[in-house]
Amino acid sequence: MKPVAFWIEQERIDDELIPCLTVILKTRGCWWSKERGCYMCGFKRDTSESVKAEDIIAQIEHAVNNAEKFEMVKIFTSGSFFDSREVPEWVRKQIYGIFSGNIKRLTVESRPEFIRDEILNEIQDDFEVEVAFGLESASDTVRDININKGFSFSDYIRAVETVRNYGFRVKTYLLLKPPLLTEGKALKDVIESARIIKDVTDTISLNICNVQKDTVLEKLWYDGLYRPPWLWTAIEALITISNMDIHVISDPVGGGKRRGPHNCFKCDGEVIKAIREFSLLQDINILEDVRNTCHCYFLWEKVLDLEDIAGVPLVE
Ligand code: SF4
Ligand SMILES: [Zn+2]
């Protein structure tokens, strides 16, 4: 079986750019998406109940055998790598063995409830481990009401502390513009969230929301109740968070499309390029230089004011 996708890209480790293999595995999927699910999550489209444990190994081997040289690996499962229903224990151990001695860092994603000593103890290898959590917001209200995430901030902190006890790194995703927040409130929420977690996470990954198929968010979007975030909002958030002296990155997935983060569509390409370059080089001048370079910046400033007066998101 082939993975959903795999590719090589440059990643930054300790001021050095190295080639990184990213693999998106098809698994049985996130248990929470089967129960209730997060409003913006369309990952279940990449999952299948029929995936067997051996299929997961086959996907990893396919990616490794067909990729060029790499020194870091990111494994995404559209769920939780440490949930044994998705990736059984013996499969996880085999995966660690495949990369042991060959890479500098392995990044995996997990919901906090799967972070337990016996799971982390399985990793006895020489590579650095990074565990990524989709916290989305430090506000329990936003995470609960606007996202339906199904875990609390204290669940996240407990998991982070456990991961840190093993000397592993922590990456945290913050969601820019969950449903039913105005552009201005979304910006404030993400900045406040960064301020709260900056001392417990090594990296913040700004997840700029896009409208995925078959989601609650898609229904709101069709009804004119959601507009994907402006790229100017992302620029503002990245500048402010970077000034907190934290490693912050972002990849505007779906950027420049109606379903993805966008400005006026004319300047989107340049702004997206700046966000990607900044994420790699961590040079804040790249963001400052692109800020306010299009007439639509003025419109975006008006949206920030007017939406908060109107109390509802303004659409296109
Ligand atoms: S926890 Fe992650 S994978 Fe699961 S439903 Fe939420 S966003 Fe999707
Ligand atoms: Zn523009």
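For the reader, a short list of remarks on this structure follows.
- Residues of the stretch 29-82 classified as acidic (Asp, Glu) and outside any loop (DSSP other than H, G, I, E, B), total: 5
- Any hit, the stretch 53-60, residues being under 14 Å from Val131 (Cα atoms) and surrounded by 21 or more Cβ atoms within 10 Å (Cβ to Cβ): no
- Some residue of the stretch 282-297 being more than 23 Å from Glu9 (Cβ to Cβ), basic (Lys, Arg) and part of a loop (DSSP other than H, G, I, E, B): yes
- Selection of the stretch 11-47 for residues being at positive phi and either modelled with pLDDT under 90 or not small (Gly, Ala, Ser) (or both) yields Asp14, Asp15.
- Test: Val91 is modelled with pLDDT of 95 or more, within 16 Å of ligand 1 (Cβ to nearest atom) and among the β-branched types (Val, Ile, Thr): no
- Scoring Phe278 on the criteria (1) touching a helix residue (DSSP H, G or I) at 6+ places or on another chain (Cβ under 6 Å); (2) within 13 Å of ligand 2 (Cβ to nearest atom); (3) within 27 Å of Glu16 (Cβ to Cβ) leaves a single failure, condition (2).
- Test result for Ile241, more than 18 Å from the chain's Cα centre (by Cα) and among the β-branched types (Val, Ile, Thr): no
- Answer residue from the stretch 114-137, given it is within 17 Å of Gly167 (Cα to Cα) and buried (at least 21 other Cβ atoms within 10 Å of the Cβ) and is farthest from ligand 2 (Cβ to nearest atom) among those: Ile115
Results for (1) surrounded by 21 or more Cβ atoms within 10 Å (Cβ to Cβ); (2) over 23 Å from Tyr226 (Cα atoms); (3) free of Cβ contacts under 8 Å to residues at least 24 places away in the same chain, shown as yes or no for each residue.
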{"site": "Ile103", "(1), (2), (3)": "no, yes, no"}
{"site": "Pro112", "(1), (2), (3)": "yes, yes, no"}
{"site": "Lys149", "(1), (2), (3)": "yes, no, no"}
{"site": "Ser152", "(1), (2), (3)": "no, yes, yes"}
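- Inclusion of Arg259 among residues that are within 16 Å of ligand 2 (Cβ to nearest atom), of a type in the set (D, E, K, R) and outside any helix (DSSP H, G or I) is not warranted.
- Among the conditions (1) at pLDDT below 95; (2) touching an Asp or Glu at 6+ places or on another chain (Cβ under 7 Å), Ser50 misses just one, which is (2).
- Contact annotation: residue pairs with Cβ atoms under 6 Å, 6 or more positions apart or on different chains, pairing a residue in the stretch 238-266 that is more than 16 Å from ligand 1 (Cβ to nearest atom) with a partner that is of a type in the set (Asp, Glu), are Gly256/Asp268; His262/Asp268.
- Test: residue in the stretch 6-25 that is free of Cβ contacts under 8 Å to residues at least 60 places away in the same chain, away from ligand 2 (no atom under 16 Å from the Cβ) and over 20 Å from Leu106 (Cα atoms): no
- Scan of the stretch 267-300 for residues that are basic (Lys, Arg) and free of Cβ contacts under 8 Å to residues at least 40 places away in the same chain, ordered by number: Lys273, Arg276
- Within the stretch 80-104, no residue satisfies the criterion of being touching a Cys at 6+ places or on another chain (Cβ under 8 Å) and more than 15 Å from Trp31 (Cα to Cα).
Table: residues versus (1) more than 16 Å from ligand 1 (Cβ to nearest atom); (2) surrounded by 14 or more Cβ atoms within 10 Å (Cβ to Cβ); (3) under 23 Å from Asp125 (Cβ atoms); (4) of a type outside the set (A, V, I, L, M).
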{"position": "Ile13", "(1), (2), (3), (4)": "yes, yes, yes, no"}
{"position": "Tyr39", "(1), (2), (3), (4)": "no, yes, no, yes"}
{"position": "Asn65", "(1), (2), (3), (4)": "yes, no, yes, yes"}
{"position": "Val73", "(1), (2), (3), (4)": "yes, yes, yes, no"}
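- Scanning the stretch 41-63 for residues that are within 16 Å of ligand 1 (Cβ to nearest atom), of a type in the set (Gly, Ala, Ser) and either free of Cβ contacts under 8 Å to residues at least 24 places away in the same chain or farther than 30 Å from Pro179 by Cβ (or both) turns up just one, Ser48.
- Filter pass, Leu206 being buried (at least 16 other Cβ atoms within 10 Å of the Cβ), outside any helix (DSSP H, G or I) and modelled with pLDDT under 95: no
The values are calculated or read from the model by the stated rules, or taken from the named source; none is laboratory data. All figures in this text were calculated on a predicted structure; none of them were measured in a lab. When we count neighbours, we look across all protein chains shown, and the Cβ atoms used for this are built from the backbone with ideal geometry, even at glycine.
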